[in-house]
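Undergrad: Please see the structure below; I have some questions.
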Amino acid sequence: MRPDTPVQSYADPISQPTAVEIVDVPIAVTDYERTLDWMDAMVAERRRGYVCVCNVHTVMAAQEDPELRTALSTSSINVPDGQPLVWALSALGHPLPDRVYGPELMARACERAAAVTGQRFYLYGGRDQDALMTLGMSLRKRFPGINIVGGFAPPFRTLTDEEQSAVAEDINESEADVVWVGIGVPKQEKWMASLRPSLEAPVLVGVGAAFDFLAGLVPQAPPVLQKAGLEWAYRLSQEPRRLWRRYLRYNPRFVAAFARQLAAHRGAGEQSRFPNR
């Protein structure tokens, strides 16, 4: 299969958006409303799936991590969180008006749940339990009536089988409709893929740093920088010691890898126009 060919590898047909491979990772051609509508349909029909919020780091880390690559290939939807992925989709002939930014997706889902659907949310992640409580209070203040039915901030170490079973039991007993997962790439994708069979909640969504942003613990990049695809530079300025290796490693590799894909795509297009050349 050509790397720019639309793929329909997702199992669930509920308003399923087309997926296009970007550097071998299927990225959905979708927007906020369509993603939220898909989540609502899954909850309404009590069907199970999970959503990965992808940026350049996610795509390139998957090139080196087979377990992450499997988690992305078996997810229900991988939304284009990073502006460079939106540009990549456009270059391949699939323009989108905007990215599906994890914190904004979560905020819009909270607003819709509080005002319309009444969905029950579970929060899994955060720096620690205090940070998770801050997030819960922030969401309740911003979205009055939101129904947060539970939460857990896991330790940074790997959970034992017994601890993992206890978490799954707690989530199931909460009767959550959506589990928001904020433990960072690649842990959250692997966690969702691993726990998906054990959890009764219809939808799991990995949103990375959204927990810190929505709790007000970390400032978000100004909208002008986000639109320009420079959110990484802002985040690097805020947390240079933690992030410099990631951006130095993955950003140039993505540019090179997608340049090769785009060249192959354009070459294939020329060949189809002039088959005898």
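The values are calculated or read from the model by the stated rules, or taken from the named source; none is laboratory data. From a predicted model like this one, the values you see are computed outputs, not experimental measurements. With ideal geometry, Cβ positions are generated from the backbone for all residues, glycine too; neighbour counts draw on all protein chains shown.
Undergrad: What pairs can you find where one residue is in segment 147-159 and closer than 13 Å to Phe211 by Cα, the other is surrounded by 19 or more Cβ atoms within 10 Å (Cβ to Cβ) and among the hydroxyl-bearing types (Ser, Thr, Tyr), and their Cβ atoms are less than 6 Å apart, with a gap of 6+ or different chains?
TA: Qualifying pairs under 6 Å: Phe152/Tyr124.
Undergrad: Do we have Phe121 as in contact (Cβ under 8 Å) with a residue 40 or more places away in the chain, touching a helix residue (DSSP H, G or I) at 6+ places or on another chain (Cβ under 6 Å) and of a type outside the set (Ser, Thr, Tyr) here?
TA: The answer is no for Phe121.
Undergrad: Further, regarding this structure: Residue under question is Glu200, and the condition is that it be in contact (Cβ under 8 Å) with a residue 12 or more places away in the chain, charged (D, E, K, R) and within 18 Å of Val79 (Cβ to Cβ); does it hold?
TA: no
Condition check ((1) at negative phi; (2) in a helix (DSSP H, G or I); (3) surrounded by fewer than 20 Cβ atoms within 10 Å (Cβ to Cβ)) across all residues:
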site	(1), (2), (3)
Val205	yes, no, no
Gly208	no, no, no
Val218	yes, no, yes
Gln226	yes, yes, yes
Tyr250	yes, yes, no
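Undergrad: Any residue at all in segment 176-183 that's crowded, with 24+ Cβ neighbours inside 10 Å and assigned to a loop (DSSP other than H, G, I, E, B)?
TA: Within segment 176-183, one or more residues are crowded, with 24+ Cβ neighbours inside 10 Å and assigned to a loop (DSSP other than H, G, I, E, B).
Undergrad: On to the next question. Just the residues that are surrounded by fewer than 16 Cβ atoms within 10 Å (Cβ to Cβ) and either at pLDDT below 75 or not small (Gly, Ala, Ser) (or both), please, taken from segment 229-242.
TA: Matches in segment 229-242: Leu230, Ala233, Tyr234, Gln238, Glu239, Pro240, Arg241, Arg242.
Undergrad: Listed residues Arg108, Arg99, Arg127; which is in contact with a Phe, Trp or Tyr (Cβ under 6 Å, 6 or more places away or on another chain) and either buried (at least 19 other Cβ atoms within 10 Å of the Cβ) or not hydroxyl-bearing (Ser, Thr, Tyr) (or both)?
TA: Arg108
Undergrad: Which residue, of Phe213, Phe258, is farther than 29 Å from Glu111 by Cβ, surrounded by 14 or more Cβ atoms within 10 Å (Cβ to Cβ) and not β-branched (Val, Ile, Thr)?
TA: Selected residue: Phe258, the only one of Phe213, Phe258 that is farther than 29 Å from Glu111 by Cβ, surrounded by 14 or more Cβ atoms within 10 Å (Cβ to Cβ) and not β-branched (Val, Ile, Thr).
Undergrad: If you don't mind, another one. I'd like the residue in segment 147-164 that is of a type in the set (A, V, I, L, M, F, W, C) and touching a strand residue (DSSP E or B) at 6+ places or on another chain (Cβ under 7 Å) and, out of all such residues, is farthest from Asp177 (Cα to Cα).
TA: So, considering only residues that are of a type in the set (A, V, I, L, M, F, W, C) and touching a strand residue (DSSP E or B) at 6+ places or on another chain (Cβ under 7 Å), the one farthest from Asp177 (Cα to Cα) is Ala153.
Undergrad: Leu132 - would you say it is under 27 Å from Glu33 (Cβ atoms) and touching a residue at least 24 places away in the same chain (Cβ under 8 Å)?
TA: no
Undergrad: Another question, then. Failed condition for Gly150, given (1) in a helix (DSSP H, G or I); (2) crowded, with 16+ Cβ neighbours inside 10 Å, with all others met?
TA: Status for Gly150: all satisfied but (1).
Undergrad: Hey, Asp170 hits all of (1) closer than 26 Å to Cys54 by Cβ; (2) part of a helix (DSSP H, G or I) but one; which does it fall short on?
TA: The single condition Asp170 does not satisfy is (1).
Undergrad: If you check every pair at least six apart or on different chains, which have Cβ atoms under 9 Å apart with a residue in segment 166-182 that is farther than 25 Å from Asp37 by Cβ and polar (S, T, N, Q) first and a residue that is modelled with pLDDT of 95 or more and crowded, with 19+ Cβ neighbours inside 10 Å second?
TA: Asn172/Leu199; Asn172/Ala201
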